[in-house]
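None of the figures in this text is laboratory data; all of them are computed from the coordinates on show. Just so we're clear, the structure is a prediction, and the values are computed from it rather than from any experiment. Positions of Cβ are generated from backbone atoms using ideal geometry, with glycine treated the same way; all protein chains shown enter the neighbour counts.
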Amino acid sequence: MPRIVREADVVWEGNVARGAGRIAAATSGAFTDLGYSLPTRIGAAEGKTSPEELLAAAHGACFAMGLASELTSAGTPPERLTVHCTITMDEVEGRGHQIVRSAIDAVGVVLGADGEGFAQAVVDADNGCPFSALIRASADVTIDARLEEE
């Protein structure tokens, strides 16, 4: 795989308690005006995002792509993968607020795949996911994945 470089632009105005920021995808332009603030980070989202939500999206998307790749390599490409990722940030004694967990819940519609083959693809996808590795360096990563019953 070639080296991948992507960029985002962030602007923050004001102090942390009353200020607000904007996030834009500088490389792709896929999103240009995602708002975020401390109140919407720790409370109700009110239509804004947070760094934790963006991390959950990135980890879930990376894992889904990896799982699709593993299943395809095994001769059972998925029809659909539905992935939900939950990032948990908590107070860690002596270290302040830290990401402590990323929990992935995945359901696959994969014709021809058996439970054992699917489970191995999940392990391999997690092991190959750069976001799993990054998060696992300082937090727990859990994955609950299953085939959808037809």
Going toward the positive end of the dipole of the chain, with +1 on Lys and Arg Cβ and -1 on Asp and Glu Cβ, which of Cys129, Ala20, Gly96 do you reach last? Ala20
Find out how many positive minus negative residues lie around Gly60, taking Lys and Arg as positive, Asp and Glu as negative, among other residues whose Cβ is under 11 Å from that of Gly60. -2
If I fit a long axis through the Cα atoms of helix 115-128 and take the longest principal axis of the Cα atoms of the chain, what angle between them do I get, 0 to 90°, rounded to 10? 40 degrees
Taking springs between alpha-carbon atoms closer than 10 angstrom, which of Val110, Val122, Val92 fluctuates most in the Gaussian network model of the chain? Val92
According to a simple spin-label model (label point 7 Å from Cα along Cα-to-Cβ), what is the distance in nm between Glu148 and Arg136? 2.7 nm
Residues whose placed amide H lies under 5 Å from that of Ile143, excluding near-sequence neighbours: Ile104
Extension gain, Glu116 back to Glu93 (0.36 nm per residue minus Cα-Cα distance, nm): 4.3 nm
Given N residues in the range 11-71, what is Rg(Cα) / (2.2 N^0.38 Å)? 1.36
Pairwise FRET efficiency - Glu13 versus Met65, Cβ, R0 = 35 Å, nearest 0.05: 0.50
Theoretical FRET efficiency, 1/(1+(r/R0)^6), r = Cβ-Cβ of Ala30 and Arg80, R0 22 Å, to 0.05: 0.50
Here are labelled values, [x] 1.20; [y] 1.05; [z] 0.99, and one is the computed Cα Rg over 2.2 N^0.38 Å for what I pasted. Which one? [x]
Residues with beta-carbon under 13 Å from that of Pro130, excluding Pro130: net charge, scoring Lys, Arg +1 and Asp, Glu -1? +2
With θ set to phi - 60°, apply the Karplus curve 6.51 cos²θ - 1.76 cosθ + 1.60 along the range 65-80 and write out the HN-Hα couplings as whole Hz, x wherever there is a Gly or Pro. 5, x, 5, 4, 5, 4, 5, 5, 4, 7, x, 10, x, x, 7, 7
Under a Cβ-only charge scheme (Lys and Arg +1, Asp and Glu -1), can you give me the dipole magnitude of the chain about the Cα centre, in debye to the nearest 20? 660 debye
Cα-centre dipole for the range 51-111 with unit charges at Cβ (Lys and Arg positive, Asp and Glu negative), debye to 20: 200 debye
So, relative contact order of the chain in percent, Cα under 8 Å, 6 or more apart, is 18 percent
